[in-house]
Amino acid sequence: MLDTFFIKSLKHPLRITAVVIDKLGIKANWITLFGFTMGMMVLPALYFGDMSLALVLVVINRVMDGLDGAVARIQGPTDLGGYLDITLDFIFYSAVVFGFALMNPLENALAASFLIFSFMGTGSSFLAFAIMAEKRNIERLEYGRKSLYFLGGLAEGAETIAFLILICMLPNYFAVLAYVFGMVCWITTATRIYAGYRTLRDPS
């Protein structure tokens, strides 16, 4: 829901940074893989209850996720880059949630399971529509040049980032926040399915 606003706000500073990185010869995919590696370190951080480190790792991962796209737009987007970006993002999101289950299985495991279940809805509705949109050459110009078509909703990238930061700051409220965000994800899934149906249905 807030992605368009943040993309426009961050476009200029990300581009300036990306120009410098490109001149250093650093490839966009290297940034993607570095961000993912740092992000996955959130698992041991959460397991041992180090919330400050977990928060730092989440922020690093998300900054790298924005930066790799900015660099890719300079160097030229690739199918491999788009594939890695979306695949590793979904793994990272679920890893953070799983990390909270590892930290406190008794109180967090069920809520974490529900949220990962909810991620399946948002992820599948997003990816399935992206395949059909590519087939029909459908584009969303306000998102700029992206490797995949983005079908919006209440829970998009910005909202997910805010949620991940919030649970790292308020770990004792993880279960409540996970159930609330999970419901938001299901609302997003329902609206995406409806929008996809309206867009893709054959004319009568």
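The values are calculated or read from the model by the stated rules, or taken from the named source; none is laboratory data. Remember, predicted model here, so these are calculated numbers, not experimental data. Because the Cβ atoms are built from the backbone with ideal geometry, glycine has one as well, and the counts that use them run over all protein chains shown.
Observations on the structure shown:
- Flag for S125 being surrounded by 14 or more Cβ atoms within 10 Å (Cβ to Cβ), part of a helix (DSSP H, G or I), touching a residue at least 12 places away in the same chain (Cβ under 8 Å) and under 15 Å from the mean Cα position of the chain (by Cα): yes
- Here T87 passes the criteria (1) under 25 Å from T188 (Cα atoms); (2) free of Cβ contacts under 8 Å to residues at least 60 places away in the same chain; (3) in contact with a helix residue (DSSP H, G or I) (Cβ under 6 Å, 6 or more places away or on another chain); (4) among the β-branched types (V, I, T) except the one numbered (3).
- Remark: pairs (first residue in region 146-170, under 15 Å from V63 (Cα atoms) and at pLDDT below 90; second residue surrounded by 19 or more Cβ atoms within 10 Å (Cβ to Cβ) and not hydroxyl-bearing (S, T, Y); Cβ separation under 6 Å; 6+ apart in sequence or on different chains) are absent.
- Tallying residues that are aliphatic (A, V, I, L, M) and over 15 Å from L33 (Cα atoms) within region 71-83 yields 1.
- Test: G25 is outside any helix (DSSP H, G or I), free of Cβ contacts under 8 Å to residues at least 24 places away in the same chain and surrounded by fewer than 16 Cβ atoms within 10 Å (Cβ to Cβ): yes
- Any hit, region 34-52, residues being assigned to a helix (DSSP H, G or I), over 10 Å from D68 (Cβ atoms), in contact (Cβ under 8 Å) with a residue 60 or more places away in the chain and not β-branched (V, I, T): yes
- Options D22, D79, D65; residue that is under 30 Å from P105 (Cα atoms) and modelled with pLDDT under 95: D65
- Just one of the listed residues (V71, V58) is in a helix (DSSP H, G or I), β-branched (V, I, T) and touching a residue at least 60 places away in the same chain (Cβ under 8 Å), and it is V58.
To keep it simple, each residue is scored yes or no on (1) among the hydrophobic types (A, V, I, L, M, F, W, C); (2) closer than 20 Å to M169 by Cα.
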residue	(1), (2)
M40	yes, yes
A54	yes, yes
L80	yes, no
D89	no, no
F100	yes, yes
